[in-house]
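Structure first, commentary second.
Just so it is clear, none of the values below were taken in a lab; they were calculated from the coordinates. Remember, it's a predicted structure, so these values are computed and weren't measured experimentally. Glycine gets a Cβ as well: all are built from the backbone with ideal geometry, and neighbour counts include every protein chain shown.
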Amino acid sequence: MADKTLNCKDCNNDFVFTEGEQAFYKEKGFENEPQRCPDCRKARKSQRNNSRGGFGGGGRSFGGGNRW
């Protein structure tokens, strides 16, 4: 397995999908290669997180202790 150069669908810049990242994707069972460069992935994730609103979420406990 060798590094691959992919093209970001958001910014149209090329980015490297490293051998290590490919192994990680395979280990996690991901079938598709990333479509966005790391910067665009980070921006998209941040945008999604900011648009949720409401109370935190994500399985966090507000009690500060065990849930049991």
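Cβ-Cβ under 6 Å, sequence separation 6+ or interchain: first residue in segment 15-32 and in a helix (DSSP H, G or I), partner surrounded by 11 or more Cβ atoms within 10 Å (Cβ to Cβ). Which pairs?
Here the result reads Glu19/Asp3, each pair linking segment 15-32 to a residue that is surrounded by 11 or more Cβ atoms within 10 Å (Cβ to Cβ).
So, in segment 21-38, exactly how many residues are out of contact with any helix residue (DSSP H, G or I) (no Cβ under 8 Å at 6 or more places or on another chain) and either of a type in the set (A, V, I, L, M, F, W, C) or surrounded by 10 or more Cβ atoms within 10 Å (Cβ to Cβ) (or both)?
10
So, in segment 33-43, exactly how many residues are within 12 Å of Cys11 (Cα to Cα), of a type in the set (D, E, K, R) and assigned to a helix (DSSP H, G or I)?
Residues in segment 33-43 being within 12 Å of Cys11 (Cα to Cα), of a type in the set (D, E, K, R) and assigned to a helix (DSSP H, G or I): 2 in total.
So which residues in segment 1-12 are under 20 Å from Lys45 (Cα atoms) and surrounded by 11 or more Cβ atoms within 10 Å (Cβ to Cβ), if there are any at all?
Passing the criteria: Leu6, Asn7, Cys8, Lys9, Asp10, Cys11.
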